[in-house]
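Structure first, then comments.
The values are calculated or read from the model by the stated rules, or taken from the named source; none is laboratory data. Just so it is clear, the model here is predicted, and its values are computed rather than measured. Quick reminder, even Gly has a Cβ in these numbers, built from the backbone with ideal geometry, and neighbours come from all protein chains shown.
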Amino acid sequence: MSTATTAANARHPGELDDLLIDAEVDDVQVQQAAPPTQRAWLLLLGLVLVALNLRPALSSLSPLLGQVSERLGLSASSAGLLTTLPVLCLGLFAPLAPRLARRFGAERVILGILLTLAIGILLRSTLGVTGLFVGSLLAGASIGIIGVLLPGIVKRDFPKQAGTLMGVYTMALCLGAALAAGASVPISHHFADSWAIGLGVWLVPALVAMLVWSPQARQGHGLHKVAYRVRGLWRDPLAWQVTLYMGLQSSLAYIVFGWLPSILIGRGLSPTQAGLVLSGSVIVQLVSSLSAPWLATRGKDQRLAIVLVMLMTLGGLFGCLYAPLSGLWGWAVLLGLGQGGTFALALTLIVLRSKDAHVASNLSSMSQGVGYTLASMGPFAVGLVHDLTDGWAAVGWIFAGLGLGAIGFGLKAGRALHVQAVSERV
C-alpha cells in the first residue's frame, strides 16, 4: 500500500479538511501543488461564479414546467422525461471529468464546458421541443463534468482552507438554485409570459462566469501523469451502500427541483408563489449543509444524523404534498433543512469511509456516476405516476419508498468503517 494510504490512516476519520475530493484523480503533481498567490482572489471569484451556474439550468425549468408543457403540448410523462434527462446526464458524464482534466487540464476543461452549458441553455429556449430536450442534455452533461472538477481545484489550490471553502462552494450552489427557482417566472411575466426568456436568461451568468474564469484557463496546471490506481472498490459492499445512499437522497432532491412547483400549483398556488416556495426551501439548505457534517462528525458514527435529516426531508415532502396550505412555509423550511443535511452528509460519507485520498477520489466518481444515474429515475417516476393517476396524491408512495431506502442504506453507510479498497502506485 502507498505511503499516502499510511498517512491517511493516521488521521482521524472525522476530519473535514479532506472533504473536497481531488477531481484530477490520483495525480501526485496536483496534490503537491503549492497554493496560488497573486491569482488567489480572482480564482476564488471564478470558483464562486462557476458554482452559481451549476443549478439554474435545473431549478429554472420547474416553476415554468406547466407553461412549457401547455405551449409545446408535452404530456406529464414527457415533462417527467425532461426533468429526468439532465439528472441522468449528471451521472453518465461525471466519470469523464477526471479523464478530460488529465488530458487538457481542469481549468481549460471548465472553460470549455461552460461554453457547452451556455449553448445548452440557448438551445432549450429557442428551438422548440427538440431544442428543449437537446439543450437539457447538454446542460446536464456540462453540470456533471464541472461539478466533479471544481472541488478538486479548491482542494489543490487552497488545501488549508478546504473545509471553509466547501461551505462557500455549497452556498454558491444553493444560491444559484434559489435565484433561478424564484426569478424565472417573474422574468417570464415581465416579457409577455415568454417561457423561453424565463429559461434563456440564465445564459447571461454562464457567459459572465466564462469571462471571469478565462484567466485560469491560460494559467492552468496543464497536463499531468496518473501515478496511482485503486483496486477492489466496485466489489466492496460499503462502497455500494455509500453510492446507493447518494443516489436515493439525490433522487428526492431532483424530484423537488423538477416537480415541487408543479405539485404546489396543482394544490392552488400561482406559478410565482410556487417558485418562491422552492426558492425559499433551497435557501434554507445553506444552514444544514454547513452544520450537518460538523455535527455528524462529533459522534462515533453518522447513523443518527442520517436518520434525522432524512426524516426531516420526508416530513417536509409530505407536508408540502398533503398538509393545509396555511402551514406550507413551515413545511418548506423543514424540507430545506432536511435536504441540505442529506446532501452534505452524502459528500461527507465519501471521505469518512475512505482510507486515503486516492480511494476517496474513486469512491466520489463511483457514487456520483452511479448515484446520479439512479437519481434520475425519481423525477421520471413522478411524471409517470401523475400521468397515470391525473393527480399528485399517489407520488407520496414514491417519496416514502425513496426515503426509507435512503435510511436503510444510510444506516449501513453511516457506520465507522472504511471501504476495503487499496490504492497502489503504478
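Of all residues assigned to the range 63-79, none qualifies as being under 29 Å from ASN362 (Cα atoms) and among the polar types (S, T, N, Q).
Residue pairs whose Cβ atoms lie under 9 Å apart, sitting 6 or more positions apart in sequence or on different chains, and linking a residue in the range 240-261 that is more than 13 Å from LEU349 (Cα to Cα) and in contact (Cβ under 8 Å) with a residue 40 or more places away in the chain to a partner that is among the basic types (Lys, Arg) and surrounded by 24 or more Cβ atoms within 10 Å (Cβ to Cβ), are PHE257/ARG55. For the range 99-124, which positions are farther than 26 Å from SER250 by Cα and among the small types (Gly, Ala, Ser)? Answer for the range 99-124, where residues must be farther than 26 Å from SER250 by Cα and among the small types (Gly, Ala, Ser): GLY105, GLY112. Summed over the range 326-363, residues that are of a type in the set (Lys, Arg) and surrounded by 24 or more Cβ atoms within 10 Å (Cβ to Cβ) total 1. Of the candidates GLY105, GLY91, the single residue that is surrounded by fewer than 24 Cβ atoms within 10 Å (Cβ to Cβ), at positive phi and not basic (Lys, Arg) is GLY105.
On inspection, GLY410 qualifies as assigned to a helix (DSSP H, G or I) and either in contact (Cβ under 8 Å) with a residue 40 or more places away in the chain or buried (at least 17 other Cβ atoms within 10 Å of the Cβ) (or both).
Once the range 275-304 is narrowed to residues that are out of contact with any Ser or Thr (no Cβ under 9 Å at 6 or more places or on another chain) and among the small types (Gly, Ala, Ser), the residue that is nearest to LYS412 (Cα to Cα) is GLY299.
Whenever a residue of the range 335-347 is closer than 16 Å to TYR372 by Cα and β-branched (Val, Ile, Thr), its partners that are part of a helix (DSSP H, G or I) and at pLDDT 90 or above, lying with C-beta atoms within less than 8 angstrom and at least six residues away or across chains, give the pairs THR342/GLN249; THR342/LEU252; THR342/ALA253; THR342/ILE306; THR342/VAL309; THR342/MET310; THR342/THR313; THR342/ALA406.
One residue stands out among those in the range 252-280 that are surrounded by 20 or more Cβ atoms within 10 Å (Cβ to Cβ) and of a type in the set (S, T, N, Q): the one that is modelled with the highest pLDDT, which is SER262. The set of residues in the range 80-119 being farther than 13 Å from SER376 by Cα, in a helix (DSSP H, G or I) and among the small types (Gly, Ala, Ser) consists of ALA97, ALA101, ALA106, GLY112, ALA118.
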